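The values are calculated or read from the model by the stated rules, or taken from the named source; none is laboratory data. Remember, it's a predicted structure, so these values are computed and weren't measured experimentally. Note that we place each Cβ from the backbone using ideal geometry, even for glycine, and neighbour counts take in every protein chain shown.
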Amino acid sequence: MRLRVIFLVIATSSLVLVSFLLPLAIVLRAQAADRAISTATIQAQGMTPLVATLKSRSLRLAVDQMNAENRSTPVTVFLPRGHELGVAAPRSAAVRLAARGRSFTTAMPAGVEVLIAVEGLPGGTAVIRTFVPKAQLRHGVTRAWLLLGLVGLGLLTLSVAVADQLARSLVRPLAAVASVSDRLARGDLSARATVAGPPEVRRVGTGLNHLAARIGELLAHERETAADLSHRLRTPLTALRIDSESLGDTGERAQLLDDVSAVEGTVSKIIHDARRPASAGDDVCEAGVVVTERAAFWRPLAEDTQRPMTVDVAKGRIPVRVSREDLAACADILLENVFTHTPDGAGCVVRLSRRETGGAWLVVADEGPGFRHADPTERGQSGIGSTGLGLDIARRIAESSGGTLIISRSASGGGVVTIGLGPPNAVTRH
């Protein structure tokens, strides 16, 4: 936008300067020619009384003296009987015409002739010829044109400087608004634009601030609604705990109470996370530790369902830009899909490796029937009676870290889910 404003001003100023300076330059050239011709005419007219009164010898001296003083415009006097005084010049048709008693000015290829007829002499009419060369006609024009060009260039430079300042005054507020919008896109809902600049730009800044405030209100309402809905689960969980405590079998009672406590812990975490402000994606965790823990959690169920379970975690630290809770939830979603949607006895593989660009690859493959839906990550889409939210949650966790989620098929025809997790300094995608 800044360059466009500058180019527009340059084009407009150039048109104005050309329309003003070009006629002025032509007028200056015409004035210089008129001034030179007028001077020559006055010079020739000044010789008229001398030609009419002086004798030939005295007139010759007067003409020679005038030519010595004014070398730029030589004077020639054509006497009636063919005599010629001063600078040698041809007796042209114009001179012969002037000898009939006419005074005039005529243009020639090399300049301009000023012819003055002097009548009343004994032998007829004498003609005073003053010649103005082209150099004299344009004397001072080049310097005047150069001065005009410098003035035009200076005005053009001044207009560019003014246009640049004007463009900056427009671009700065817009750049600030764009910076605030980028911060909002990264999840910083506290970002607000400074309302400054022209009225239109101020309206944009004000609208962006209103939009940011409205987004914050909607997110706060959404978090409170999710927290309220989750809190309602505490009532049936309390009833379930009371019923569990009334069981006679000690082992079953303890197992059921542990399960209820786990569900209550999950509900409490949902309430806490729902009321927590949206993070900017700066959490970091050790992927190897989390994946190993979650695989160990699911291994007893794999043994109960006679599933061969292979866990391959690269050695050493593998930091990723995901919170410990989100990575654990991601691993649980993938493993739960394996146990829920594949038959008993179908094996699975959990593999965690380093990415060349930093971060990690988390791969969960199974020997089941594979994915039936064309895009199993599409939110709410499931052909087997589930909510269809699990893989979408895993995808969003991966993308928030700067990674991605890939769905493919294994060699046996089963499903393979590959999640790329970004390094701690990764740029979050939106």
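Of the listed requirements (1) within 28 Å of residue 396 (Cβ to Cβ); (2) at pLDDT below 75, residue 310 misses just one: (2).
Which of the following residues is at pLDDT 90 or above, buried (at least 18 other Cβ atoms within 10 Å of the Cβ) and either assigned to a helix (DSSP H, G or I) or not assigned by TED's automatic domain parsing to the domain that holds residue 394 (or both): 299, 294? Going through 299, 294 in turn, the sole match is 294.
State all residues of segment 99-117 that are at pLDDT 90 or above, more than 24 Å from residue 29 (Cα to Cα) and of a type in the set (A, V, I, L, M, F, W, C); if no residue qualifies, say none. Within segment 99-117, 116, 117 meet the criteria. For beta carbons closer than 7 Å, sequence separation of 6+ or different chains, a first residue in segment 16-30 that is farther than 10 Å from residue 141 by Cβ and a second that is surrounded by 15 or more Cβ atoms within 10 Å (Cβ to Cβ), the qualifying pairs are 17/152; 17/155; 17/156; 21/148; 21/152; 24/148. Every test in (1) out of contact with any Lys or Arg (no Cβ under 6 Å at 6 or more places or on another chain); (2) farther than 29 Å from residue 147 by Cα; (3) at pLDDT 90 or above is passed by residue 31 save one, and that test is (2). Answer with yes or no whether residue 6 is part of a helix (DSSP H, G or I) and in contact with an Asp or Glu (Cβ under 7 Å, 6 or more places away or on another chain). So residue 6 fits the description; yes.
Looking at segment 364-380, can you tell me whether even one residue there is modelled with pLDDT of 85 or more, surrounded by fewer than 23 Cβ atoms within 10 Å (Cβ to Cβ), assigned by TED's automatic domain parsing to the domain that holds residue 293 and over 22 Å from residue 306 (Cα atoms)? Quick ask: steps written out before the conclusion?
Kept after step one, since they are modelled with pLDDT of 85 or more, are these residues of segment 364-380: 364-367.
Then keep just the ones that are surrounded by fewer than 23 Cβ atoms within 10 Å (Cβ to Cβ); that gives 367.
Filter once more, keeping what is assigned by TED's automatic domain parsing to the domain that holds residue 293: 367.
Those still in the list that are over 22 Å from residue 306 (Cα atoms) too: none.
So far as segment 364-380 goes, no, none of its residues is modelled with pLDDT of 85 or more, surrounded by fewer than 23 Cβ atoms within 10 Å (Cβ to Cβ), assigned by TED's automatic domain parsing to the domain that holds residue 293 and over 22 Å from residue 306 (Cα atoms).
With respect to residue 89, is the statement that it is surrounded by 14 or more Cβ atoms within 10 Å (Cβ to Cβ), at pLDDT below 90, of a type outside the set (Ser, Thr, Tyr) and within 15 Å of residue 44 (Cβ to Cβ) true?
On the way: surrounded by 14 or more Cβ atoms within 10 Å (Cβ to Cβ): yes; at pLDDT below 90: yes; of a type outside the set (Ser, Thr, Tyr): yes; within 15 Å of residue 44 (Cβ to Cβ): yes.
So residue 89 fits the description; yes.
Of the strands (runs of 3 or more DSSP E) lying entirely inside segment 100-148, those containing at least 3 residues that are free of Cβ contacts under 8 Å to residues at least 40 places away in the same chain are 104-108, 111-121. Only one entry in 163, 175 is closer than 28 Å to residue 12 by Cα, in contact (Cβ under 8 Å) with a residue 60 or more places away in the chain and out of contact with any Phe, Trp or Tyr (no Cβ under 8 Å at 6 or more places or on another chain), namely 163. Applying the condition of being surrounded by 13 or more Cβ atoms within 10 Å (Cβ to Cβ) and of a type in the set (Ser, Thr, Tyr) to segment 133-169 and asking which residue is farthest from residue 75 (Cα to Cα) yields 169.
Of all residues in segment 317-333, those that are buried (at least 24 other Cβ atoms within 10 Å of the Cβ) and closer than 21 Å to residue 371 by Cα total 2. Given the criteria more than 23 Å from residue 220 (Cα to Cα), surrounded by fewer than 13 Cβ atoms within 10 Å (Cβ to Cβ), modelled with pLDDT under 75 and of a type in the set (Asp, Glu), does residue 243 qualify? In short, yes.
Take the residues in segment 126-156 that are of a type in the set (D, E, K, R) and farther than 30 Å from residue 54 by Cβ; name whichever of them is nearest to the chain's Cα centre (by Cα). Taking the candidates together, the pick is 143.
Give 73, 130, 106 a once-over and let me know the one that is hydroxyl-bearing (Ser, Thr, Tyr), assigned by TED's automatic domain parsing to the domain that holds residue 15 and surrounded by fewer than 16 Cβ atoms within 10 Å (Cβ to Cβ).
On the way: 73 fails: surrounded by fewer than 16 Cβ atoms within 10 Å (Cβ to Cβ); 130 fails: surrounded by fewer than 16 Cβ atoms within 10 Å (Cβ to Cβ).
Result: 106 is the single residue among 73, 130, 106 that is hydroxyl-bearing (Ser, Thr, Tyr), assigned by TED's automatic domain parsing to the domain that holds residue 15 and surrounded by fewer than 16 Cβ atoms within 10 Å (Cβ to Cβ).
Just for segment 31-46: of the residues that are among the polar types (S, T, N, Q) and touching a residue at least 24 places away in the same chain (Cβ under 8 Å), which one is nearest to residue 136 (Cα to Cα)?
Checked segment 31-46; the qualifying residue nearest to residue 136 (Cα to Cα) is 39.
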